[in-house]
1. Tell me whether the range A:92-114 contains one or more residues that are more than 23 Å from A:Leu169 (Cβ to Cβ) and of a type outside the set (S, T, N, Q).
2. Scan A:Val133, A:Val155 and give me the residue that is β-branched (Val, Ile, Thr), over 22 Å from A:Ile53 (Cβ atoms), within 14 Å of chain B (Cβ to nearest Cβ) and buried (at least 22 other Cβ atoms within 10 Å of the Cβ).
3. Check whether at least one residue in the range B:137-158 is modelled with pLDDT of 95 or more, hydroxyl-bearing (Ser, Thr, Tyr) and closer than 29 Å to A:Arg50 by Cα, and report yes or no.
4. Could you grab me the full set of residues in the range A:1-57 that are surrounded by 19 or more Cβ atoms within 10 Å (Cβ to Cβ) and of a type in the set (S, T, N, Q)?
5. Say whether the condition of being buried (at least 24 other Cβ atoms within 10 Å of the Cβ), under 23 Å from B:Arg259 (Cα atoms) and not assigned by TED's automatic domain parsing to the domain that holds B:Thr25 is met by at least one residue in the range B:95-113.
6. Name the single residue, out of those in the range B:219-268 being within 13 Å of another protein chain (Cβ to nearest Cβ) and of a type in the set (Asp, Glu), that is farthest from the chain's Cα centre (by Cα).
7. Pick from A:Leu74, A:Leu111, A:Leu62: which is crowded, with 21+ Cβ neighbours inside 10 Å, in the same structural domain as A:Asn24 (by TED's automatic domain parsing), out of contact with any Ser or Thr (no Cβ under 7 Å at 6 or more places or on another chain) and at pLDDT 90 or above?
8. Taking the stated definitions as given, is B:Glu127 part of a helix (DSSP H, G or I) and modelled with pLDDT of 95 or more?
Amino acid sequence: MEEPKQIQVIRIGAEAIVSRLRWNGFDLVSKHRVPKPYRVPELDRWIRDRRTIREAKIIVELKRAGVPAPAIILLDRSSSTIYMQYIKGVELKKALDRLDPMKVVEIAGRLGEIVGRMHLRKIVHGDLTTSNVILDEAGRIYLIDFGLSSVTDDVEEFAVDIHLLDRSLESAHHKLRERFMRNFLLGYSKIVGRERALEVLGKVKEIRMRGRYVKRGG
Amino acid sequence: MAEERLVLGIESTAHTLGFGIASTTGKILANVNYVYKPKEGGIHPREAAQHHSLHAARGVIEVFRKAGIDPKRIDGVAFSAGPGMGPCLRVGATLARALALKLGKPLLAVNHGIAHIEIGRLVTGAEDPVVLYIAGGNTLITAYLDGRYRIFGETLDIAAGNCLDAFGIEAGIGPMPNPEIRAREGRELHPLPYKVKGMDVSFSGLLTAALKLLKKGVRVEDVCLSITETVYSMLTETLERALAFTEKGEILLVGGLARSIRLRQMIEAMAKLHDAKVYVVPPEYAGDNGAMIAWTGALQLLSGQTIKVEESKVRPKFRIDEVEVRWRSLSRSK
């Protein structure tokens, strides 16, 4: 078998370098968590290793639940690298402003369903922004970057996912935000149920209210 | 060039009662601050408010004396409208209203967080940075986009400064910078909850876990090392994410915790990876101060953002993204 060949660096993220590779006729993506010179080495190793393993486990679990995400091909713990399926498409963040309004509504609803299915499996994404949703050429959407995902039962954690998505829209696409979130929530409640959706939404509001000013010693 | 106008600013959101005078051309004429220091524990809002009332009159006289101008020369009176502690905010607001009425000058309600950012931009020369605003009561990552300072990340529970101060007080070594100073003698790092969610952070679980380590008998220096390294790593990482997300080339650190030497080191190491420039607000303007309110008031005077006395309520939960930042679209000479 030949060694994978790097074709292109897709994203130099805050945490990892994501590259596109060519390997035995397949297109792959590698996600390498780079050491951070600003962290003390022991803390750095611990964080990278923990996140690499957690991410791989979660992706496998999500694929089982039918959440569209890149499939895992190989895991190299010694270098904190995950090799996975390559999805040809663009970040939703970059596509949103030039999509037509009907398409935006449809995508928002579908994303709501996908996130709902993920939450039903007790998995939170942890960094759910429009940069971490890929829109492929056929108009399908995929979730990527589960580096900060975790398994949880805490409503608050689910609410944080939605809060983060809302805030990424608010900061980068504030004109689309309301319409997007409304349709997102429709899709979401279709999967998790109205009651559960309202419960999570209540928490989202609480988080927004809270992160603002906490009195010392209070 | 437009004629220079002067604004008096009054700060009183938490422990500091501050007075400043700034000109619309960006000169700080005076910066006079009185800091309430609790005998033990954290800030008691009512005691802090009493401290502020006690120093109010003296502060007004002192700031005009330092600036060397007559109070009649002032073109506006600015005050910190929030976020902050209600009783403290009301002292500054009452004083500002009285002075505005007495002098017959417009009143300017300033957002405290925005004032930290604007004084930082003024004194460091940063133009369009991603801002990490870290203080006892606030932790947020923000950048200017489409007329407002948008919040990209913030704490989901307590502020970073609050976490470190509370730890220091509980551990009996006192608030910041003591935990950071003691950390320099730390030898062993203990894992603590590292809670980063996107660009948001959470510190309350980490504080509890650090206090548990102390109870278990771990050396206080080692716990200091673990808590400061973990908190600062989390902040640096979220800032790195925001930098990647916004694609800006500058970082600005403001707020009391911007004084931290270790945090600054970490952020500079991170910025190097992205070819970003780091600006840190100098110590004089890092903590709460009157000059930052005066300067932001001056900017608001330029953009016509004054407020009527009868509408000038204090706002303990005032968010920075509620403010229309009209002055940044004015063509100001750079």
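1. no
2. A:Val133
3. yes
4. A:Ser19, A:Ser30, A:Thr52
5. no
6. Per the criteria, the residue is B:Asp222.
7. Details: A:Leu74 fails: crowded, with 21+ Cβ neighbours inside 10 Å; A:Leu111 fails: in the same structural domain as A:Asn24 (by TED's automatic domain parsing).
Of the residues listed, the single one that is crowded, with 21+ Cβ neighbours inside 10 Å, in the same structural domain as A:Asn24 (by TED's automatic domain parsing), out of contact with any Ser or Thr (no Cβ under 7 Å at 6 or more places or on another chain) and at pLDDT 90 or above is A:Leu62.
8. In short, no.
The values are calculated or read from the model by the stated rules, or taken from the named source; none is laboratory data. Note that this is a predicted model, so its numbers are computed, not measured. Virtual Cβ from ideal backbone geometry, glycine too; neighbours counted across all protein chains shown.
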